[in-house]
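Q: The structure is given below, and queries will be raised subsequently.
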(Lines give C-alpha, C1' and ligand atoms only; values in the text may rest on other atoms or scores of the structure.)
Protein backbone atom coordinates (compact mmCIF):
# COMPACT_ATOMS: atom_id res chain seq x y z
CA UNK A 1 0.00 0.00 0.00
CA UNK A 2 1.92 3.09 -1.15
CA UNK A 3 1.56 5.98 1.26
CA UNK A 4 3.37 9.28 1.46
CA UNK A 5 2.47 11.78 4.16
CA UNK A 6 5.85 12.58 5.69
CA UNK A 7 7.51 15.93 5.26
CA UNK A 8 10.97 16.32 3.80
CA UNK A 9 12.33 17.24 7.22
CA UNK A 10 10.93 14.05 8.76
CA UNK A 11 12.48 11.92 6.03
CA UNK A 12 15.82 13.66 6.44
CA UNK A 13 15.89 13.33 10.24
CA UNK A 14 14.73 9.71 10.46
CA UNK A 15 17.55 7.71 12.03
CA UNK A 16 20.18 10.32 11.14
CA UNK A 17 22.12 13.07 12.81
CA UNK A 18 21.55 16.70 12.01
CA UNK A 19 24.39 19.03 11.31
CA UNK A 20 25.55 19.12 14.94
CA UNK A 21 24.15 17.71 18.15
CA UNK A 22 22.95 20.22 20.71
CA UNK A 23 24.38 20.46 24.21
CA UNK A 24 21.18 18.98 25.67
CA UNK A 25 21.43 15.95 23.38
CA UNK A 26 25.07 15.41 24.29
CA UNK A 27 24.36 15.46 28.01
CA UNK A 28 21.22 13.34 27.77
CA UNK A 29 22.27 10.63 25.31
CA UNK A 30 26.07 10.59 25.15
CA UNK A 31 26.96 10.96 28.81
CA UNK A 32 28.73 7.84 30.12
CA UNK A 33 27.94 6.85 33.70
CA UNK A 34 29.87 4.28 35.73
CA UNK A 35 28.04 1.32 34.16
CA UNK A 36 28.67 2.67 30.67
CA UNK A 37 32.35 3.25 31.37
CA UNK A 38 32.70 -0.31 32.69
CA UNK A 39 31.06 -1.68 29.55
CA UNK A 40 33.23 0.44 27.24
CA UNK A 41 36.38 -0.56 29.12
CA UNK A 42 35.76 -4.22 28.26
CA UNK A 43 36.84 -3.51 24.66
CA UNK A 44 40.45 -3.36 23.61
CA UNK A 45 42.07 -0.40 21.95
CA UNK A 46 41.22 3.28 21.91
CA UNK A 47 39.38 3.10 18.60
CA UNK A 48 37.12 0.28 19.78
CA UNK A 49 36.29 2.05 23.04
CA UNK A 50 35.56 5.32 21.25
CA UNK A 51 33.49 3.56 18.58
CA UNK A 52 31.40 1.68 21.16
CA UNK A 53 30.74 4.90 23.09
CA UNK A 54 29.59 6.67 19.91
CA UNK A 55 27.37 3.74 18.88
CA UNK A 56 25.84 3.57 22.36
CA UNK A 57 24.87 7.24 22.29
CA UNK A 58 23.66 7.01 18.70
CA UNK A 59 21.22 4.19 19.42
CA UNK A 60 19.87 6.11 22.40
CA UNK A 61 19.26 9.25 20.36
CA UNK A 62 18.41 7.92 16.90
CA UNK A 63 17.08 4.45 17.61
CA UNK A 64 19.56 3.03 15.10
CA UNK A 65 23.19 2.02 14.97
CA UNK A 66 25.43 3.99 12.65
CA UNK A 67 26.42 2.20 9.47
CA UNK A 68 29.44 4.50 9.20
CA UNK A 69 30.50 5.84 12.63
CA UNK A 70 32.91 8.27 10.97
CA UNK A 71 29.90 10.30 9.76
CA UNK A 72 28.95 11.20 13.34
CA UNK A 73 29.10 14.94 14.09
CA UNK A 74 32.37 16.29 15.42
CA UNK A 75 30.74 17.41 18.66
CA UNK A 76 29.56 13.85 19.38
CA UNK A 77 32.94 12.23 18.78
CA UNK A 78 34.87 14.87 20.72
CA UNK A 79 32.44 14.68 23.65
CA UNK A 80 32.78 10.89 23.87
CA UNK A 81 36.58 11.07 23.53
CA UNK A 82 36.81 13.68 26.28
CA UNK A 83 34.95 11.42 28.70
CA UNK A 84 37.25 8.50 27.87
CA UNK A 85 40.38 10.64 28.21
CA UNK A 86 41.42 10.24 24.57
CA UNK A 87 43.45 12.98 22.96
CA UNK A 88 43.24 11.67 19.39
CA UNK A 89 39.57 11.25 18.56
CA UNK A 90 40.40 10.82 14.89
CA UNK A 91 40.71 7.07 15.50
CA UNK A 92 36.97 6.90 14.80
CA UNK A 93 37.88 6.69 11.11
CA UNK A 94 39.96 3.57 11.74
CA UNK A 95 37.08 2.10 13.74
CA UNK A 96 34.68 2.68 10.83
CA UNK A 97 37.00 0.74 8.50
CA UNK A 98 37.39 -2.15 10.93
CA UNK A 99 35.22 -5.17 10.15
CA UNK A 100 35.32 -6.33 13.74
CA UNK A 101 32.99 -3.52 14.81
CA UNK A 102 30.02 -5.66 13.70
CA UNK A 103 30.49 -7.74 16.87
CA UNK A 104 29.86 -4.70 19.07
CA UNK A 105 26.25 -4.18 18.01
CA UNK A 106 24.96 -7.52 19.46
CA UNK A 107 26.86 -6.78 22.67
CA UNK A 108 25.18 -3.39 23.07
CA UNK A 109 21.76 -4.86 22.33
CA UNK A 110 22.24 -7.65 24.88
CA UNK A 111 23.66 -5.44 27.61
CA UNK A 112 21.09 -2.63 27.31
CA UNK A 113 18.02 -4.63 26.24
CA UNK A 114 17.39 -3.24 22.76
CA UNK A 115 14.96 -5.23 20.60
CA UNK A 116 14.20 -5.26 16.92
CA UNK A 117 10.86 -4.22 15.45
CA UNK A 118 10.11 -7.85 14.52
CA UNK A 119 10.40 -8.98 18.14
CA UNK A 120 7.16 -10.72 19.31
CA UNK A 121 4.73 -8.26 20.81
CA UNK A 122 6.44 -5.06 19.67
CA UNK A 123 4.27 -4.49 16.61
CA UNK A 124 1.11 -5.29 18.59
CA UNK A 125 1.94 -2.81 21.35
CA UNK A 126 2.73 -0.10 18.82
CA UNK A 127 -0.50 -0.73 16.92
CA UNK A 128 -2.51 -0.60 20.14
CA UNK A 129 -0.81 2.69 21.10
CA UNK A 130 -1.49 4.25 17.69
CA UNK A 131 -5.06 2.95 17.62
CA UNK A 132 -5.82 4.66 20.94
CA UNK A 133 -4.43 7.93 19.57
CA UNK A 134 -6.44 7.64 16.35
CA UNK A 135 -9.67 6.73 18.13
CA UNK A 136 -9.57 9.44 20.77
CA UNK A 137 -7.70 12.20 18.93
CA UNK A 138 -7.55 14.02 15.63
CA UNK A 139 -3.80 14.08 15.00
CA UNK A 140 -2.45 14.20 11.47
CA UNK A 141 -0.54 11.18 10.11
CA UNK A 142 2.77 13.05 10.32
CA UNK A 143 2.16 13.76 14.01
CA UNK A 144 1.25 10.11 14.62
CA UNK A 145 4.50 9.11 12.94
CA UNK A 146 6.52 11.24 15.38
CA UNK A 147 4.55 9.76 18.29
CA UNK A 148 5.34 6.26 17.01
CA UNK A 149 9.06 7.07 16.84
CA UNK A 150 8.99 8.40 20.40
CA UNK A 151 7.15 5.26 21.56
CA UNK A 152 9.79 2.98 20.02
CA UNK A 153 12.67 4.98 21.47
CA UNK A 154 11.12 4.98 24.94
CA UNK A 155 10.69 1.18 24.82
CA UNK A 156 14.21 0.51 23.47
CA UNK A 157 13.07 -0.78 20.10
CA UNK A 158 15.31 -0.31 17.07
CA UNK A 159 13.57 1.73 14.40
CA UNK A 160 12.50 -0.22 11.30
CA UNK A 161 12.72 1.06 7.76
CA UNK A 162 11.02 4.34 7.03
CA UNK A 163 8.38 2.84 4.74
CA UNK A 164 7.60 0.06 7.26
CA UNK A 165 6.72 2.50 10.03
CA UNK A 166 4.88 4.78 7.60
CA UNK A 167 2.67 1.94 6.39
CA UNK A 168 2.02 0.87 9.98
CA UNK A 169 0.73 4.33 10.91
CA UNK A 170 -1.42 4.50 7.80
CA UNK A 171 -2.89 1.02 8.35
CA UNK A 172 -3.83 1.64 11.99
CA UNK A 173 -5.34 5.01 11.16
CA UNK A 174 -7.43 3.48 8.37
CA UNK A 175 -8.73 0.79 10.73
CA UNK A 176 -9.77 3.36 13.33
CA UNK A 177 -11.53 5.48 10.71
CA UNK A 178 -13.28 2.47 9.20
CA UNK A 179 -14.55 1.48 12.64
CA UNK A 180 -15.81 5.01 13.29
CA UNK A 181 -17.63 5.18 9.96
CA UNK A 182 -19.09 1.72 10.52
CA UNK A 183 -20.41 2.62 13.97
CA UNK A 184 -22.15 5.64 12.46
CA UNK A 185 -24.18 3.72 9.87
CA UNK A 186 -24.56 0.22 11.30
CA UNK A 187 -27.83 0.89 13.16
CA UNK A 188 -29.31 3.39 10.73
CA UNK A 189 -32.51 2.06 9.17
CA UNK A 190 -33.34 2.52 5.46
CA UNK A 191 -36.02 5.07 6.34
CA UNK A 192 -33.52 7.07 8.35
CA UNK A 193 -30.99 6.91 5.52
CA UNK A 194 -33.51 8.33 3.09
CA UNK A 195 -34.29 11.06 5.59
CA UNK A 196 -30.60 11.92 5.99
CA UNK A 197 -29.93 11.77 2.25
CA UNK A 198 -32.73 14.25 1.68
CA UNK A 199 -30.92 16.77 3.86
CA UNK A 200 -28.17 17.30 1.29
CA UNK A 201 -30.49 17.55 -1.75
CA UNK A 202 -31.38 21.08 -2.87
CA UNK A 203 -35.16 21.25 -3.47
CA UNK A 204 -36.46 22.55 -6.76
CA UNK A 205 -36.68 26.31 -6.73
CA UNK A 206 -34.51 26.65 -3.59
CA UNK A 207 -30.96 27.94 -3.34
CA UNK A 208 -29.67 25.76 -0.50
CA UNK A 209 -30.20 22.32 0.94
CA UNK A 210 -32.10 21.70 4.20
CA UNK A 211 -28.80 20.91 5.91
CA UNK A 212 -27.32 24.28 4.96
CA UNK A 213 -30.51 25.99 6.06
CA UNK A 214 -30.46 24.26 9.45
CA UNK A 215 -26.81 25.08 9.96
CA UNK A 216 -27.62 28.76 9.56
CA UNK A 217 -28.29 30.00 13.09
CA UNK A 218 -29.80 33.27 14.31
CA UNK A 219 -27.96 36.51 13.63
CA UNK A 220 -29.65 39.26 15.58
CA UNK A 221 -31.31 39.27 18.98
CA UNK A 222 -34.96 39.96 18.38
CA UNK A 223 -38.30 38.32 19.04
CA UNK A 224 -38.65 37.18 15.43
CA UNK A 225 -35.23 35.55 15.47
CA UNK A 226 -35.95 33.79 18.74
CA UNK A 227 -39.11 32.23 17.32
CA UNK A 228 -37.23 31.23 14.17
CA UNK A 229 -34.47 29.66 16.28
CA UNK A 230 -37.02 27.68 18.32
CA UNK A 231 -38.64 26.38 15.14
CA UNK A 232 -35.19 25.43 13.82
CA UNK A 233 -34.42 23.57 17.05
CA UNK A 234 -37.69 21.63 16.86
CA UNK A 235 -36.97 20.69 13.26
CA UNK A 236 -33.49 19.42 14.16
CA UNK A 237 -34.86 17.29 16.99
CA UNK A 238 -37.53 15.88 14.72
CA UNK A 239 -34.95 14.77 12.18
CA UNK A 240 -32.61 13.28 14.79
CA UNK A 241 -35.35 11.37 16.55
CA UNK A 242 -34.54 7.65 16.52
CA UNK A 243 -30.96 8.03 15.26
CA UNK A 244 -28.24 5.95 16.98
CA UNK A 245 -26.67 7.52 20.03
CA UNK A 246 -23.16 8.88 19.70
CA UNK A 247 -22.29 8.95 23.40
CA UNK A 248 -19.78 6.10 23.07
CA UNK A 249 -18.11 7.52 19.98
CA UNK A 250 -15.10 9.85 20.28
CA UNK A 251 -16.21 13.49 20.14
CA UNK A 252 -13.15 14.42 18.12
CA UNK A 253 -14.08 12.10 15.27
CA UNK A 254 -17.67 13.36 15.24
CA UNK A 255 -16.78 17.04 15.27
CA UNK A 256 -14.05 16.67 12.66
CA UNK A 257 -14.92 17.44 9.07
CA UNK A 258 -15.80 14.24 7.18
CA UNK A 259 -13.73 15.28 4.19
CA UNK A 260 -10.53 15.29 6.26
CA UNK A 261 -10.82 11.69 7.52
CA UNK A 262 -12.29 9.53 4.74
CA UNK A 263 -11.49 5.83 4.70
CA UNK A 264 -9.39 4.44 1.83
CA UNK A 265 -11.23 3.82 -1.43
CA UNK A 266 -10.60 0.08 -1.35
CA UNK A 267 -12.08 -0.11 2.18
CA UNK A 268 -15.16 2.04 1.64
CA UNK A 269 -18.43 0.29 2.24
CA UNK A 270 -21.48 0.70 -0.04
CA UNK A 271 -22.96 2.95 2.67
CA UNK A 272 -20.11 5.45 2.48
CA UNK A 273 -22.30 7.80 0.43
CA UNK A 274 -24.71 8.14 3.34
CA UNK A 275 -21.95 8.81 5.88
CA UNK A 276 -21.13 12.40 4.90
CA UNK A 277 -24.65 13.67 5.53
CA UNK A 278 -25.10 11.91 8.89
CA UNK A 279 -21.73 13.10 10.17
CA UNK A 280 -22.48 16.71 9.31
CA UNK A 281 -25.94 16.46 10.82
CA UNK A 282 -24.73 14.57 13.88
CA UNK A 283 -22.25 17.37 14.49
CA UNK A 284 -25.14 19.82 14.28
CA UNK A 285 -27.48 17.77 16.45
CA UNK A 286 -24.83 16.97 19.06
CA UNK A 287 -25.13 20.52 20.33
CA UNK A 288 -28.92 20.61 20.17
CA UNK A 289 -29.73 17.27 21.83
CA UNK A 290 -28.53 17.85 25.38
CA UNK A 291 -28.93 21.63 25.46
CA UNK A 292 -32.25 23.02 26.73
CA UNK A 293 -34.28 25.38 24.61
CA UNK A 294 -33.02 28.60 26.16
CA UNK A 295 -32.00 31.82 24.55
CA UNK A 296 -28.37 31.33 25.59
CA UNK A 297 -28.18 27.96 23.83
CA UNK A 298 -29.98 29.28 20.77
CA UNK A 299 -27.65 32.18 20.17
CA UNK A 300 -24.49 30.13 20.82
CA UNK A 301 -24.63 28.40 17.41
CA UNK A 302 -23.36 31.30 15.35
CA UNK A 303 -21.66 34.62 15.71
CA UNK A 304 -24.10 37.50 16.22
CA UNK A 305 -24.29 40.39 13.85
CA UNK A 306 -25.14 43.98 14.53
CA UNK A 307 -28.90 44.52 14.61
CA UNK A 308 -28.72 48.22 13.70
CA UNK A 309 -27.47 49.77 10.49
CA UNK A 310 -24.14 51.46 10.51
CA UNK A 311 -24.10 55.22 10.22
CA UNK A 312 -23.07 56.39 6.79
CA UNK A 313 -20.58 59.11 6.21
CA UNK A 314 -21.64 62.39 4.72
CA UNK A 315 -20.97 62.66 1.07
CA UNK A 316 -18.75 65.50 0.08
CA UNK A 317 -15.30 66.32 -1.10
CA UNK A 318 -12.63 67.33 1.41
CA UNK A 319 -11.66 70.97 1.24
CA UNK A 320 -8.05 71.97 1.66
CA UNK A 321 -7.58 74.60 4.33
CA UNK A 322 -5.09 76.48 2.22
CA UNK A 323 -7.55 77.03 -0.63
CA UNK A 324 -10.46 77.63 1.78
CA UNK A 325 -8.78 80.75 3.21
CA UNK A 326 -7.31 82.12 0.01
CA UNK A 327 -9.07 84.50 -2.29
CA UNK A 328 -10.32 83.15 -5.59
CA UNK A 329 -8.50 84.02 -8.77
CA UNK A 330 -9.94 86.51 -11.14
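Q: Quick test of your reading of the structure: residue 5 fulfils all but one of (1) in a helix (DSSP H, G or I); (2) modelled with pLDDT under 90. Name the failing condition by number.
A: The number of the failed condition is (1).
Q: With the structure loaded, tell me whether residue 95 is touching a residue at least 40 places away in the same chain (Cβ under 8 Å), within 25 Å of residue 28 (Cβ to Cβ) and crowded, with 20+ Cβ neighbours inside 10 Å or whether it fails that test.
A: So residue 95 fits the description; yes.
Listed here are the residues, each with its yes/no results for (1) crowded, with 16+ Cβ neighbours inside 10 Å; (2) touching a helix residue (DSSP H, G or I) at 6+ places or on another chain (Cβ under 7 Å); (3) within 29 Å of residue 134 (Cβ to Cβ).
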| site | (1), (2), (3) |
| --- | --- |
| 202 | no, no, no |
| 211 | yes, yes, yes |
| 214 | yes, yes, no |
| 220 | no, no, no |
| 227 | no, no, no |
| 235 | no, yes, no |
| 249 | yes, yes, yes |
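Q: Kindly check whether there is at least one residue in segment 10-27 that is within 24 Å of the chain's Cα centre (by Cα), in a helix (DSSP H, G or I) and exposed (fewer than 14 other Cβ atoms within 10 Å of the Cβ).
A: There is at least one residue in segment 10-27 that is within 24 Å of the chain's Cα centre (by Cα), in a helix (DSSP H, G or I) and exposed (fewer than 14 other Cβ atoms within 10 Å of the Cβ).
Q: Still on this structure, please answer the following. I need a count of the residues in segment 62-91 that are under 21 Å from residue 16 (Cβ atoms) and either within 36 Å of the chain's Cα centre (by Cα) or at pLDDT 90 or above (or both).
A: Adding up the residues that qualify gives 19.
Q: Does segment 29-46 contain at least one residue that is touching a residue at least 12 places away in the same chain (Cβ under 8 Å), within 29 Å of the chain's Cα centre (by Cα) and at negative phi?
A: Yes, the conditions are met somewhere in segment 29-46.
Q: Continuing with the same structure: Is there any pair with a first residue in segment 213-228 that is closer than 19 Å to residue 203 by Cβ and a second that is surrounded by 13 or more Cβ atoms within 10 Å (Cβ to Cβ) and at pLDDT 75 or above whose Cβ atoms are under 7 Å apart and which are 6 or more apart or on different chains, and what are they?
A: 214/232; 214/235; 214/236
Q: Next up: Considering only segment 29-48, state which residues are crowded, with 22+ Cβ neighbours inside 10 Å and under 17 Å from residue 97 (Cα atoms).
A: The answer is 47, and nothing else.
The values are calculated or read from the model by the stated rules, or taken from the named source; none is laboratory data. Please read these numbers as outputs of a predicted model, since none were measured by experiment. A quick note on method: Cβ atoms are made from the backbone with ideal geometry, for glycine too, and the neighbour counts reach across all protein chains shown.
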